[in-house]
1. Work out from phi, with θ = phi - 60° and the Karplus expression 6.51 cos²θ - 1.76 cosθ + 1.60, the ³J(HN,Hα) of each residue of region 57-67, listed in order in whole Hz, and give x for Gly and Pro.
2. Spin-label point model (7 Å from Cα, Cβ direction): what's the L208 to V185 distance in nm?
3. For region 144-194, just list the percent of Cα-Cα distances falling in each 5 Å bin from zero outward, please.
4. Normalising by the residue count of region 1-103, find the relative contact order in percent from Cα pairs under 8 Å and 6+ residues apart.
5. For region 208-214, just list the computed ³J(HN,Hα) in residue order, Karplus coefficients 6.51, -1.76 and 1.60, θ = phi - 60°, integers in Hz, with x standing in for Gly and Pro.
6. Would you calculate the separation in nanometres between label points at A31 and R109, each defined as 7 Å from the Cα along the Cα-to-beta-carbon direction?
7. Figure the gain on full extension for D8 and D176 (residue separation times 0.36 nm, minus the Cα-Cα span) and round it to one decimal in nm.
8. Please give the calculated 222 nm ellipticity per residue for the chain, where each DSSP H segment of at least 4 residues contributes -39500 (n - 2.57) and the sum is spread over every residue; nearest 500 deg cm²/dmol?
Amino acid sequence: MARQVSRDRLAVLAGLAAPLALAAILVPFRAGFPDTDAALALQLVVTGVAANGYRLAGILAAVSAAAWFDFFLTMPYERFTITRRADIQTTVLLLAVGVAVTEIAVWGRRQHGAASRRAGYLDGINAAARAVATGSSPAALTEQVCGQLTRLLSLSSCRFQAGAAGIGNPARLIRDGRVMSGGRVWDADREGLPPGTDTELLAEAGGLLQGRFLLTPGTGKPLTLEQRLAAVTIAHQAGAALS
């Protein structure tokens, strides 16, 4: 996470400085090539910054490129004024394409992050399946599963109770990924697990209850449906091993 924040900060600095630096480099040659060539060169810089997938950096790069293209590379020079219609169109396109490339890169970054999270969820499910296959002791199995659930759901703690369900009327994470609390559906997508109480997750096999995992929420971090369904699957694997 810290590494990603550092990358984003560097991208912001690059978005501000790189278009200015390139425009300044092109100043001695501006009379010898079309403005559109300079705009394409600046667009390459914007694309490079936007490829990081950080929206603020990409938009700053697009605005910076358009501004310094106007200031250094269109007549009258060294003024934020454009007199030719073609230069106005080029500047607007430079800005618009830069923003569009940024949005595409942001979408790609989100997809990559989602794919990484799915891979992590599958790793947890596979680990539970391996524990079933190797015949781990009940205590070792439930401890391992609690560790997986803690990481998956950002829990403060997790513990297992054999052959118990509904004691104390806790909230419950059910098979379809919904969280029920006080007879209503809790908005886990926005609020994570209900605070101030444990949420139970049943470990069943063939319709027979083996026990429950009591999930103590951490910081109230939102939980996606994918995370919740992965937790249900892990608990089901544990139930199969305990039966």
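1. Result, ordered by residue: 5, x, 5, 4, 5, 5, 5, 4, 4, 5, 5 Hz.
2. So the two model labels end up 3.3 nm from each other.
3. Per 5 Å bin, starting at 0, the Cα pair percentages come out as 4, 18, 23, 29, 21, 4, 0.
4. Across region 1-103, relative contact order equals 32 percent.
5. Ordered by residue, 3J(HN,Hα) equals 9, 6, 9, x, 9, 9, 9 Hz.
6. 4.2
7. Working: separation 168, 0.36 × 168 = 60.48 nm, distance 3.66 nm.
Net length gain for the segment: 56.8 nm.
8. That calculation yields -21000 deg cm²/dmol at 222 nm.
Bear in mind these aren't lab numbers, they're just calculated from the coordinates by the rules spelled out. As the structure is a prediction and not an experimental result, all values here were calculated from the model. Please note: Cβ atoms are built from the backbone with ideal geometry, for glycine as well, and neighbour counts cover all protein chains shown.
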